[in-house]
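In what follows, a structure is listed as structure tokens, so that the remarks can point back to it.
The values are calculated or read from the model by the stated rules, or taken from the named source; none is laboratory data. Everything numeric in this text was worked out from a predicted model, so none of it was measured. To get the accessible areas, we keep the full protein, side chains included, count just its heavy atoms, and leave off ligands, DNA and RNA. Shrake-Rupley method; radii C 1.70, N 1.55, O 1.52, S 1.80 Å.
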Amino acid sequence: MSAERLLALVCFLLIAGCESRSANKEAKEAKKPIEQISDVYRGGAVEEAEKRLRAHLQAEPRDDLAWTLLGHALVDLNRTAEAEAAYAKALEIEPRRIEAITGQGRIFRMHKQYEQAMAAYKRATAIDPSFAQAWSSMMVVSLKRGLYDEAISHGEKAHALDKNDPTIAANLAIAYHYAGNTTKRDELTLAAQKLGFKSMDWLDKVYTGEIELRD
């Protein structure tokens with residue numbers, strides 16, 4: 001179970017009035033290749049997404065978003081050295097690609113290099129203070145380090161920016177749990193459940209101590 005959900009943050013085409021089957025088909029066909037690959041990745045077919053991304057990058061080697069998504073897929077496949085290279089390539093093309101920066105932070109976090117991870121996340125929020133995933137990632141690092149007030153502060157910021165993300169709500173519930181605030185814990189747990197958080201059993205095991213997230 002990953003405490004940090006990595007999504008392909010691409011701009012999907014919003015087509016109004018697509019109620020008929022033919023209109024829906026046209027909308028699907030109108031998607032750009034990287035958006036179609038992102039759908040594959042989001043659907044959980046990570047290896048297929050990697051294959052398609054590499055083919056796409058052969059034709060479009062300057063697509064920084066594709067390099068970023070490739071980094072995400074490679075992290076999911078536990079190939080972090082290759083992921084680091086993909087993120088570095090994305091940032092060579094577009095230094096302000098915040099999704100690649102937070103991807104680097106995730107790798108640092110996985111290696112328990114928390115100072116470097118936090119620096120990456122802070123760099124992302126300096127570029128875009130509204131990027132909820134970076135604040136959520138800082139919450140996770142603070143939780144790992146046992147800094148509960150700091151974790152709650154980052155988590156509340158993330159949740160205020162994105163109240164529809166079930167993982168942010170669940171992580172904030174954990175922060176409240178470790179801080180001993182069961183009222184807020186239960187409130188955020190219910191919010192996560194209503195938003196469709198898919199690992200409620202895992203969350204219960206954190207609360208009972210069967211799973212320990214702190215280092």
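For segment 113-182, the Kirkwood hydrodynamic radius comes to 11.7 Å, computed from all pairs of different C-alpha atoms. Inverting the pair-averaged 1/r between distinct Cα atoms of the chain gives 18.2 Å as its Kirkwood hydrodynamic radius. Computed with every protein chain present, the accessible area of residue 37 is close to 10 Å² [probe 1.4 Å]. Surface composition of the chain: carbon plus sulfur atoms contribute 49% of the solvent-accessible area (1.4 Å probe, protein chains only, all chains present).
Helix 80-93 axis versus longest C-alpha principal axis of the chain: approximately 60°, rounded to the nearest ten. Normalised per residue, the accessible area of segment 101-207 is 44 Å², obtained with a 1.4 Å probe and no contribution from ligands, DNA or RNA. The calculated P(r) of segment 61-149, using every Cα pair and 10 Å bins from 0, goes 20, 49, 27, 4, 0 in percent. Calculated mean residue ellipticity, 222 nm, the chain: -22000 deg cm²/dmol, from DSSP H runs (n ≥ 4) at -39500 (n - 2.57) each, averaged per residue and rounded to 500.
Value of Rg to Rh for segment 150-215, rounded to two decimals, is 0.93; Kirkwood radius and Rg both from alpha-carbon coordinates.
Taking the C-alpha atoms only, the angle from helix 182-194 to the longest principal axis of the chain is near 20 degrees.
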